[in-house]
1. Report, in cubic angstrom per residue, the convex hull volume of the C-alpha atoms of segment 21-61.
2. Restricting to Cα pairs below 8 Å that are 6+ residues apart, what does the relative contact order work out to for the chain? Please round to a whole percent.
3. Among I222, I297, I284, whose mean-square fluctuation peaks in a Gaussian network model of the chain (Cα, cutoff 10 Å)?
4. Kindly provide log₁₀ I(q)/I(0) values, in the same order as q = 0.15, 0.17 Å⁻¹, from the Debye equation applied to equal alpha-carbon scatterers of segment 160-286.
5. State, as an integer percentage, the relative contact order of segment 74-119 based on alpha-carbon contacts under 8 Å between residues 6 or more apart.
6. Over segment 132-175, with the other protein chains present, what is the accessible area per residue in square angstrom, probe 1.4 angstrom?
7. Under a straight-distance cross-link criterion of Cα-Cα below 19 Å, which aspartates and glutamates are reachable from K233, leaving out those fewer than 8 residues away in the same chain?
8. Out of segment 193-297, which GluC sites (Glu not before Pro) are coil in DSSP terms and have no more than 13 other C-beta atoms within 10 Å?
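The values are calculated or read from the model by the stated rules, or taken from the named source; none is laboratory data. Everything numeric in this text was worked out from a predicted model, so none of it was measured. In this analysis, Cβ positions are derived from the backbone assuming ideal geometry, glycine residues included, and neighbour counts consider all displayed protein chains. Please note that ligands, DNA and RNA were not included when accessible areas were found on the heavy atoms of the full protein model with its side chains. Shrake-Rupley method; radii C 1.70, N 1.55, O 1.52, S 1.80 Å.
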Amino acid sequence: MNYLKIAIVGAGIAGLSCAYEFEKHGIMPTIFEKRRRIGEDIDFTTSTLKLFDRTYEDPLIYTKKEYGLDLEPLNVLSKIIMQGPTKKAIIKNTSGYIFRRGDIKNSLENQLASYIKTPITFYKHIYIDDIKSQYDFIIDATGLFDEAKKLDLLTPHLEAFARISTISGEFDINTIKMWVNTEYAKKCFAYRLAHSPNKACLALTANNISQKELDCYWEKFIAKENTQSTIIKTTDVRHEIGAVFPHNFGNIFFIGKAGGFIDSLLGFGMLNAIETGILAALYIIYKKSYEELVRPIFDQNQSKYEIRKILNTFENKDFDNLIKFLGSPGIKQMIYNNPFAKVHQAGKLAKLYNIFKGLHCL
Ligand SMILES: Cc1cc2nc3c(=O)[nH]c(=O)nc-3n(C[C@H](O)[C@H](O)[C@H](O)COP(=O)(O)OP(=O)(O)OC[C@H]3O[C@@H](n4cnc5c(N)ncnc54)[C@H](O)[C@@H]3O)c2cc1C
């Protein structure tokens, strides 16, 4: 196996997980990263939510048992506050994890990097066409759709811009606060997750807008929700979500966000990035079908996309009705305290609704 020449393009969550699995099997890939070091240049905090996870097991137990990765969250996520245009819902005793991201000690990326020995070639922006013939396999872990678009493998689901800021104030370290309001987030949302009791990440994502317009949406958000905090720094990122199919073309394999393994409902993709990185390596080592291995993840993202299509038709009154519904006692009990409730299951109902409304297209 050592004779295999593998290039991993991108040292994010997916690329590092893939390198980890190759190393476990005695293969040293070549890893290229265009930035100066591991981790996004953005300082942000992200979460997992049991309701959104693919497996029924706790995701940290799952990644440890299945893949030998012992990952440490920043905090446990136990409360969700959903703020609509006029309605609010508070969900307590929910379960999830909060992770630090970016170029920060103990960020998810840096934890994964501590598992690998392969040196990373930094400051190396790779164009896949340039290296395709030099390697047996190329792993596209760029977090971007450039290659998938070029090969016409992408079906776009959502195009948005996000502003991610670090703020200071007083925060509950186990709570996520989310806002929906078409006036500033269009059909997306804003969220706040604490880095610590006095620092947090405040992010706004709005779809179908230009980067220039983001200023205006951000100002509306801050003015309306007056988050009582001081902004320390902000970064803007383009946030593109879509389905890639197939996930392998010639000797190129698409993993993580570059493979469309991020859901188009809330944009969750961390666990998928870890898993698809590992599965691509397993495909190459054991010659299993990559498409078959990633199918459950792909199908569940497609299912969540059916819900996204409904949200794309929402006005503010619909978001308020949804929040009222999600916060009502019987529903809270049924959804959040039920270990078997998963968002992707609701996607099946959403698909029927979309077929009925003519919103479903293959
Ligand atoms: C604002 C925001 C909030 C999010 N919140 C959540 C959340 O709460 N929960 C969740 O599960 N997910 C969340 N996500 C999604 C999650 O961050 C991604 O799914 C995950 O980072 C994808 O990992 P990746 O390794 O595929 O891509 P990335 O993390 O984007 O890594 C790609 C790497 O490739 C490098 N690269 C790119 N092009 C090249 C090239 N040509 N040559 C060399 N290197 C290259 C980049 O520099 C980068 O280091 C969020 C994303 C954003 C933007």
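1. Roughly 139 Å³ of hull volume per residue.
2. Reported relative contact order: 22 percent.
3. I222
4. Log-scaled intensity ratios, in q order: -0.78, -0.91.
5. 30 percent
6. With the other protein chains kept in place, segment 132-175 gives 45 Å² per residue.
7. Candidates past the 8-residue exclusion: E40, D41, D43, D103, E170, E213, D215, E219, E225.
8. Passing sites in segment 193-297 do not exist.
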